[in-house]
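Below: one structure, written as structure tokens.
What follows is calculated from the coordinates using simple rules that are stated; it is not laboratory data. Please read these numbers as outputs of a predicted model, since none were measured by experiment. Glycine also receives a Cβ, built like all others from the backbone with ideal geometry; neighbour counts cover every protein chain displayed.
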Amino acid sequence: MLKLHFAPNSRAGRIVWLLEELGLEYDLNRMDFHPKDLKSEEHRGRHPLGRVPVLEEGDISIFESGAIVEYVMARHGDGGLKPGVHAPEFPEYLQWFHYCEGMVMPPINTIIVQTVLMPPDRRDQTALEQAQRLLGKAVAPVETALEGREYLVGDFSAADIMLGHSLFMANRLGQVSDEMKNLKSYIKRVESRPAFQKAMET
């Protein structure tokens, strides 16, 4: 049985979404997004930095959301939610799968720190504005790529779970402008998926 250590409003939502899309059974350890849970000695035994998600299966324990998605796809995906390695779409699939952590999430992390996590007297307006500019630049190529497309690479794939979740977060932070019509429509399609809704309600 797969066991997911989870906290709401985190990257762990991607994994719930994936597990629901694949129709897999799993056990959920829902923790508060708070040091009393995440930085506990017990959870640091699972993740040395006290973060989520962490996935366990038998004697296997793995963290990092992208690594978990790849693990679940390889072990339990039955060939779904990704193009074959020799398919023309495969290189672009890999690109967008990893684009979220390389380009989109770093400025999102800064924005969340500077608007939510940091006490008001310690917030840095310059750092916030720089992150907002970087995020705008990071999502612009995705807006272009989505022209005439329903999803990032052909049919719905794990790239949409990785990057789509990040774009949902960017939109929720008010960082996707109304002029980005392709992104706005794409995010609505993502939000309409039952597996996504289940993940956000968890």
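Computed values, structure above
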{"read-out": "Label-point separation, K181 to Q95 (7 Å along Cα→Cβ), nm", "value": "2.4"}
{"read-out": "Cβ-Cβ FRET estimate between M1 and Q125, R0 fixed at 41 Å, reported to 0.05", "value": "0.30"}
{"read-out": "Inter-part distance where the range 94-146 and the range 172-202 are each reduced to a Cα centre, Å", "value": "16"}
{"read-out": "GluC sites (Glu not before Pro) within the range 131-167: DSSP coil, no more than 13 neighbouring Cβ in 10 Å", "value": "E147, E150"}
{"read-out": "Computed log₁₀ I(q)/I(0) - Debye formula, equal Cα scatterers, no solvent, the range 155-202, q 0.33 Å⁻¹", "value": "-1.35"}
{"read-out": "Value of relative contact order over the range 90-201, rounded to a whole percent, pairs C-alpha under 8 Å and six or more apart", "value": "31"}
{"read-out": "Shape of the range 90-201, Cα gyration tensor, a/c cut at 1.5", "value": "prolate"}
{"read-out": "DSSP-defined antiparallel bridges as percent of all bridges, the chain, nearest 5", "value": "60"}
{"read-out": "Projected area averaged over orientations for the range 2-76, convex hull of C-alpha atoms, nm²", "value": "4.5"}
{"read-out": "Point-charge dipole on Cβ atoms (K/R +1, D/E -1) for the range 90-201, about Cα centre, debye to 20", "value": "180"}
{"read-out": "Under 5 Å, built H, 5+ apart or other chain: amide partners of A7", "value": "A12, M31"}
{"read-out": "MRE, 222 nm, helices only [DSSP H, n ≥ 4, -39500 (n - 2.57), over the chain, to nearest 500]", "value": "-15500 deg cm²/dmol"}
{"read-out": "Furthest towards positive pole of dipole, M162, I111, L81, structure part the chain, Cβ charges", "value": "I111"}
{"read-out": "Size of electric dipole in the range 21-173: Cβ of Lys, Arg +1 and of Asp, Glu -1, about Cα centre, debye, nearest 20", "value": "680"}
{"read-out": "Residue order, fewest to most surrounding Cβ atoms within 10 angstrom, among M1, M200, M103, M180", "value": "M1, M200, M103, M180"}
{"read-out": "Sequence-distant aspartates and glutamates (8 or more away, or on other chains) whose Cα lies within less than 13 Å of K82", "value": "E21, E70, E92, D155, D160"}
{"read-out": "Three-way shape call for the range 29-120 based on the alpha-carbon gyration tensor, with the a/c threshold at 1.5", "value": "oblate"}
{"read-out": "Among H98, P8, G174 - extreme Cα towards positive end, dipole of the chain, charges at beta-carbon", "value": "G174"}
{"read-out": "Listed values (1) 0.96; (2) 1.03; (3) 1.38, entry calculated as Cα Rg over 2.2 N^0.38 Å", "value": "(2)"}
{"read-out": "Order by protection proxy (mean Cβ within 10 Å, highest first), peptides 154-162, 32-40, 61-69", "value": "154-162, 61-69, 32-40"}
{"read-out": "Residue order, fewest to most beta carbons within 10 Å, for H98, H43", "value": "H98, H43"}
